[in-house]
Every structure is written in structure tokens, then in C-alpha cells.
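Have a look at the structure below, then the notes.
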Amino acid sequence: MIKKEMIAMLLAGGQGSRLGVLTQKVAKPAVSFGGKYRIIDFPLSNCINSGIDTVGVLTQYQPLRLNSHIGIGIPWDLDRNIGGVTVLPPYEKSGNSEWYSGTANAIYQNLEFMEQYNPEYVLILSGDHIYKMDYEVMLDYHKSNNADVTIAAMPVPIEEASRFGIVVTDENNQINDFQEKPEHPKSNLASMGIYIFKWSVLKEALITLKNQSNCDFGKHVIPYCFEKGDRIFAYEYNSYWKDVGTLNSYWEANMELIDIIPIFNLYEEYWRIYTKSDTLPPQYIADTAKIDKSIISEGCEIYGEVYDSVIGAGVTVGKGTVVRNSIVMKGTVIGEDCRVNKSIIAENVTIEKNCEIGVGEDVPSKLDPRIYAFGLATIGENSYIPSNVKIGKNTAISGKTENADYPDGVLASGEYIIKAGDM
Amino acid sequence: MRAIGIILAGGNNKKMKELSYKRAVAAMPIAGSYRAIDFALSNMTNSHVQKVAVLTQYNAKSLNEHLSSSKWWDFGRKQGGLFVFTPSITADNGYWYRGTADSIWQNISFLKQSHEPYVIIAAGDGVYKIDYNKVLEYHIEKKADITVVCKDMPEDTDVSRFGTVKMNEDGRIVYFEEKPVSTESRTVSTGIYIIRRRQLIELIEKCAEEERYDFVNDILIRYKNIKRIYGYKMDSYWSNISTVESYYNTNMDFLKPDIRNYFFKQYPDIYSKVDDLPPAKYNLGANIKNSLISSGCIINGTVENSILFKKAYIGNNCVIKNSIILNNVYIGDNTVIENCIVESRGTIRANSTHIGENGIKIVTDYNDNGRVGM
């Protein structure tokens, strides 16, 4: 019989609505990160680097990009005869068909997938965090505590603790209390949404809670296990971990990669991060180019100036253009004589010549001030920006825009253009 | 595709000087991210050839490493696939490959056990894109026994390192000389041939019987008047890397926009082994002009008119000009490198100077000539 000691279940179905136009057409785990990567590459690479060769990826929201990125798992060596990577979308059943209504519900609907590997342990991961972690060390810790559940947790500044799910531990790191986004946190250990379960414990909990609506790990499964008296431990993690759930944290995490010696170092020999590489050729840096403090991916052609920026594969930066403090994703073409400041420009965008992006006053967004803030200009994938326009701060653009969309050639700060349209 | 492929990648080349100490010519790094054999292999896969044998012999370690998985060129198939044949001692043979024809003869079972009617033979050291289907169409149309892909070289090329040919109006080759001392012809053989499989088996077996071992001299030139040998003129980019100068120039060609565009942007692509290196990183003080930079590089200094292969580290205040830095080289601070090829996996000490004055200088980390200061 097939036997895998530990398998991983990777939750990748969320929209990530706080990333605004970046996730209009793609699931958050499939959003580009750090030039050539996508966010899901980090947990997938952690899996294979930790010796986990069986991974179920749960997809739901806009899965096309994710599906074609994962394929049969070749980039992560997850193309296996037994195990490997399996994409698990919601499916129709003879009765009671439903979407994945919560993190634990999604896992519950795939009990049969897990059962066929006859695992001892199941690792639950989310597809939207940037970090390097050896799950094998966490498993050793789980075993040595004879734990039923182990939750990875990291210390956060106490004043920020009220934004997280907080765990309170005793001297042996056994968890004796939980607080979900508490006003008065009793500890600064925040749950990272990474769990190791004994398979028997997980299975029992999911079946018991199967009628719980929107069944969620943090809200339902962990409290259920806790009340039942299961042994729950916190595994303290002290290295780089970043939730890139908001445009600002996403932008910051990218910018941290360009420091001289980044805290999160992609250049280390061991613990490589793997991704599907569509583009192989080297990048061309022209006579007219100037580059400082940036990372630039394969196949780019840089004729202009790039400072403090992260540039994805196959991007063209035209002559006379200056890009600062920005993220430009795969396949985007920026024409000549543009100024791009503190912007996030998604994949395959075309910006015609002589545009200014990210200029003007810092006016709150009229579309959604909680999403489009921090002075960022955000342009969704496959957008088109005509020549000679000015685009302000806290703006959002998605779709093929034309000069008529810009009164007097300007999209003022806080404004937005969201065009529907099929392609 | 009704053909199988054979890539001849066994040769050594003394004209590559120190660069050939480490690897076979077919494994020479090209254009930042590729190796020479990637071009022949990608052309095979893009022409839908499903079964390819690579014949290796000289210094094959790098090449075998590069070919350790066939998936990069889409040859990981149940039907066909990629076969790497090194010489082996058998009950009735104890020789190395004594020549190109001999290398095919020693693997004649590969030909006999295939069923495709044609064979494409290509050298492993050419940099080009071609659709072999077009050559095959021509071969069939001319009812040729052998078709040789040829290229007209520009006036200023020294053709004495090539096989030169002359064709009649119909395209039939009437003159063929290998590495001529003097010749009027500017048309050279690219080392790419198409031949019917049964015909090839027959010729190779005949050759072996007569103890002849070289494909060009003992088949093409010897049978020139008996067999219908045709030339197919190729008019797109073709270069081969048989000397240090041609290797340097071929790489530098990729700094030209039209050539870069032809190979990197136009369909179909050239494939290579994927290394999973991070994007290139430019720190304060980086100053790059007209250069190709590959993934995994970290740059703190000046780089002009140069090609940096994967994982080059350029220290502070370095000046790299008109040079090729091969894979995985660490260059210490304040180093000056001009007109050089820096061999792979090297560490170039800080504060050193390497300048190629009469032609291209090959720099290896055990080569301390030219070190000044400190």
C-alpha cells in the first residue's frame, strides 16, 4: 500500500481582494513576486526542499494561471510516479455540491485525496506567504512533543499583535489559549497559518465539523481540537516571513529584495526557490541605460533608467524612461521618455511613450481607500496606457484605456479606470 | 517528422586553446544562458524530430551533465527520446571513435533499429536556427542521396577552417574541399547533412570495411561524383565556434539587436537546461553599457560591451570591457578586465588587471599573469 509519512495541502483558492486589480484575473498565489517568481513558488519550493514530495494544491478563484504555472510540477521536481503535485479544484458530487466555503471545508472535501496516501501527518499551508522554512524540522518538533497539532508561530511587535491570531503558550510551548485579533493580546506569538496535524486527529475533526458553515482552521478546527483537549504546540519561527496580502506589504516585500544584503536572500546556494521559467535569454542593458539598486530578470531589454525597482522577465524599458521604486511584472513594455514612480505594473501591460505615472498629491482613493493607499499607482495586467498621459497616486487602472479616459490627459490622484471587457 | 537525428559532439579542437581543457566544444557556453549544443537540439525538437542521438567522446563531462535530463528539449518521451552514446568496449570493438564516420558505425544499431526513412546529421558546435523539414523537402525534391546545408560566407571571412564547396546550377555539389589552403569559393559546409537512413547504413558499413573513418573525406568527398550530393543554401544566421576568435565573435554577435531579436524573440525558441537562478541584481555603483547579463549575476562595478554568463559576481570599482565572463566567476574589487574570456568557476583576485593586447586573452584563476599592485 502507498505510504507517505507527511503530505502537504496548499490552500491556493483565495482571491486576495486586498491586492485590488492585481488579482482581478488571477488568484493571489499566482501573482508575480521578486521578478521571476510567483507567490506560490515559495511554499512549493519549501515543500520539495523539506523532502515533501506529495502536495495537493486547492484552487478555486481564477485558477487558469495557477494551473498552467503548476502543470505537472516539473519546475519543483514534483513530477513523481507516486505523489507529486495534484491540483484540486472543487468538484460536483452526487448530492450536496458546493464550492470550497472555508479553509477547513476545502480540506474536508478532499479527504479521499489524502486517504489514498495513507499519511501519518498532514501539513496545511497557505499559498500567499513569502518565507523559507524547513517543514521537516517542524515535523521533528511535532514528533518530539508527541503533539496532535503543531502551529507555526512567530513573534510580532506587541503593538501589532491585535492584527493577528495570537497563541498563548506555557514554558513547554504547549498552547493554552487562543486570541483571534485581540484588543488586549496576552502574547506576541502570531499564528502563521502553517499547521501539522496527526492525520487521525485532522480527519476526525473535519468529519465532526462537516456541517459547520465556512469551516475554517483558525476559527473552528483549532478551537475544536483545543476544547477536546488535544496536545497543541507552537513551533516558534524567527526568520523572514511576510504576508503579502496588501498592496503595501506586497510592494515592501519586493523592495526588501534590492537591499545590498537582503534579509530574504534569493542568492543563497542551498534552499533554492524554483519557478517555471518561460524566458531563458540573458537581459540586454543598452548604452543609454542606467541601473542602480534593482533586480532584473531574464530576457529584459533596458534602454532607460531603473532605480530601486524589481523588474520581471521580458520587460522592455524604453530610452529616456526613468523607473523608480516600482515593481514591473513579466512582459510589460514601457515606451520612451516615461516617468514611473512608486507603481505596481502587472504583467503584459503596454505603456506608450511620454507618460508620467505616480505623480501628484497623495489623495485618498475614491475606489477603495483601504486597498489603494500608500501613494501607489497600480495597473492591472494586460492594460494599455496611451501616450502623453499623467497618472496620479493611489490610482487603479485595469483594461485598455484610451486618451478619452484621461480628461486633459490626466488621471488625478485617487481616481481609477476599471474597464470590463473580455480580453 | 520522418527523420531521426544524430548530433556529432565528440570532437576536440585545439584552436579553442585553454577553453577546450574543461569541456567539449559542443558544451561551450553561448550568449549568456545557452550551450552550443542547445542550438542543434532545439532545432531538432522544433522540427519535430522525435529521436536524437548525441555522440560524445572528448571531455564529455560538462556535456553529459548538461544532457542529464532530456526534458528541457522536450525529448522526455516514450516514443523516441534523447540518447547519449559514448564509445564503449564491446566483444568486437575496443576503439575510441576514430572519426565521425566511425562514431556512427560504432552506433550503427541505433540506425538499424529505427524505422524513420531519413537521418539528419548535425554538428554540435553550430549557432543557428533552421527548420530541418525545409531541408528535407529540398532533399526529396532534388532526389538527392545526400544534402549538405551550405552557407555563403562574407568576403572577409577566412574560409580555410571550413569545408568549401561549389555547386552547379541545379544545386549539385561539384567541388568539395576540406580546409582548403586556397579557394575561390565562399560557400562553406555547415556540417548539417540529410541522408536516407538505408543509404547511410550502406555507406558507413562500406567505410568501416575499408578502414576509413571520416564522414567528410571518406564519404562526401570520396563519393562526390558517384552519389547525388546536393547543397542547400541557408541564408539566415549561422556561425560555428571552432576557434577562440570565432567563439568570441559569435558571442559578441548577440549584442547586435537584429541577432538578439532573431534568436531570443522570434519563434521558435532555443531551449536550454534550466538553472533556477534568481534575477540579476544591481547594487549601488553598478554601471552597465551595451551588455548581456544573465540570471544569478550580482553587479557592483562597470560592465561595457561584455557578456556575463550565469552567476558572475562583479566587485566594487571593477571595470569589465569587451569581455566574456563565463559561468560562476567571482571577480574581486578594483579589477580591470579588457578583451578577455574569463574561464568558468574562476576567482579573479581583487586589484588585478587582465588585458588582452594582441587578440583575446583567456583568463583562468590559476593564471596570475598580469597581476599588478598589491
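Please treat every number below as a calculation from the coordinates, not as lab data. Predicted, not measured: the structure shown is a model, and the values here were computed from it. Every residue, glycine as well, gets a Cβ built from its backbone with ideal geometry; the counts of neighbours run over all protein chains shown.
Miscellaneous remarks
- Label point distance in nm, B:Asn12-A:Val137, each placed 7 Å from Cα along Cα→Cβ: 4.8 nm
- Computed [θ] at 222 nm, deg cm²/dmol, chain B (DSSP H ≥ 4; -39,500 (n - 2.57); rounded to nearest 500): -5000 deg cm²/dmol
- Taken over region B:226-365, the ratio of Cα radius of gyration to 2.2 N^0.38 Å equals 1.19.
- Along each principal axis, taking the top coordinate minus the bottom one, the Cα set of chain A gives 65, 49, 48 Å in descending order.
- Each semi-axis of the equivalent ellipsoid for region B:286-329 is √(5λ) with λ an eigenvalue of the Cα gyration tensor; in descending order they amount to 13, 12, 8 Å.
- Rounded to the nearest 10 degrees, the angle from helix B:36-46 to the longest Cα principal axis of chain B is 50 degrees.
- Distance between the pseudo-spin-label points of A:Lys400 and B:Tyr21 (7 Å out from Cα toward the beta carbon): 5.9 nm.
- Overall Cα dimensions of region A:322-388, principal axis frame, Å, largest first: 31, 21, 20
- Percent breakdown of C-alpha pair distances by 10 Å bin, ordered from the shortest bin, for the protein assembly as shown: 2, 12, 19, 20, 19, 15, 8, 3, 1, 0
- Helix B:244-253 and the longest principal axis of the Cα set of chain B meet at an angle near 80°.
- Rg over Rh, two decimals, region B:62-195 (C-alpha only, Kirkwood Rh): 1.00
- Pair-distance profile P(r), taking every C-alpha pair of region A:237-339, with 10 angstrom steps and integer %: 15, 43, 33, 8, 1
- Cα gyration tensor category, rounded, prolate or oblate, for region A:113-272 with a/c compared to 1.5: prolate
- Anisotropy class of region B:253-302 from Cα gyration tensor, a/c 1.5 cut: oblate
- Measuring spread by the Cα atoms of region B:177-234 yields a radius of gyration and Dmax of 12.6, 36 Å.
- FRET efficiency, 1/(1 + (r/R0)^6) with R0 22 Å, evaluated for A:Ser144 and A:Tyr270 via beta carbons: 0.35
- Calculated translational diffusion coefficient of region A:1-80 (25 °C, 0.890 mPa s; Stokes-Einstein with Kirkwood radius over alpha-carbon pairs) equals 185 µm²/s.
- Partner chain coverage, peptide B:258-270 - average Cβ within 10 angstrom: 2
- With neighbour counts taken as other beta-carbon atoms within 10 Å, the residues A:Ile345, A:Ile418, B:Ile270 rank, fewest first, as A:Ile418, B:Ile270, A:Ile345.
- Set A:Lys400/B:Lys256; A:Lys319/B:Lys265; A:Lys293/B:Lys311; B:Lys129/B:Lys166; A:Lys242/A:Lys400; B:Lys51/B:Lys134 screened for pairs whose C-alpha atoms are more than 27 Å apart: A:Lys400/B:Lys256; A:Lys242/A:Lys400
- Remark: B:His115, A:His142 ranked as B:His115, A:His142, counting other beta-carbon atoms within 10 Å and listing the fewest first.
- Sparse-neighbourhood loop sites, GluC sites (Glu not before Pro) in region B:118-186 - DSSP loop, at most 10 other Cβ within 10 angstrom: B:Glu155, B:Glu169, B:Glu184
- Estimated at 0.36 nm per residue, the fully extended path between A:Asn188 and A:Glu256 surpasses their Cα-Cα distance by 22.1 nm.
- At 1.002 mPa s and 20 °C, Stokes D of region A:291-423 from Kirkwood alpha-carbon radius, µm² per second: 150 µm²/s
- For the pair A:Leu111 and B:Lys61, a Förster radius of 51 Å applied to the C-beta separation gives a FRET efficiency near 0.55, rounded to the nearest 0.05.
- Neighbouring partner chain Cβ atoms per residue of A:271-282, average, 10 Å criterion: 6
- Environment charge at B:Gln199 (Cβ cut-off 10 Å; Lys +1, Arg +1, Asp -1, Glu -1): +2
- Whole-Å semi-axes of the ellipsoid equivalent to chain B (Cα gyration tensor, √5λ, descending): 38, 21, 20
- Theoretical gain in end-to-end length, B:Asn261 to B:Ser69 [0.36 nm per residue, Cα-Cα removed]: 66.3 nm
- Projected label distance in nm at B:Arg186 and A:Asp362, using a 7 Å step from Cα toward the beta-carbon: 6.5 nm
- Remark: C-alpha extents of region A:102-180 on the principal axes read 44, 30, 26 Å, sorted largest to smallest.
- Going from the residue with the fewest nearby Cβ atoms within 10 Å to the one with the most, A:Met138, A:Met255 rank A:Met255, A:Met138.
- With the Kirkwood sum run over all distinct C-alpha pairs, region B:223-294 has a hydrodynamic radius of 16.3 Å.
- Exercise: per-residue mean of other protein chain Cβ atoms within 10 Å, B:291-298: 6
- Cross-link partners for A:Lys366 among the lysines, with Cα-Cα distance under 17 Å and sequence neighbours closer than 8 places in the same chain left out: A:Lys393, A:Lys419.
- Structure-based [θ]222 nm, chain A - -39500 (n - 2.57) summed over DSSP H runs of at least 4, per residue, nearest 500: -4000 deg cm²/dmol
- Computed from the C-beta positions of A:Gln15 and B:Asn305, the FRET efficiency with R₀ = 45 Å rounds to 0.40.
- Alpha-carbon radius of gyration plus Dmax, which is the widest Cα pair, for region A:41-173 in Å: 16.7, 49
- Theoretical gain in end-to-end length, A:Ser68 to A:Asn81 [0.36 nm per residue, Cα-Cα removed]: 2.7 nm
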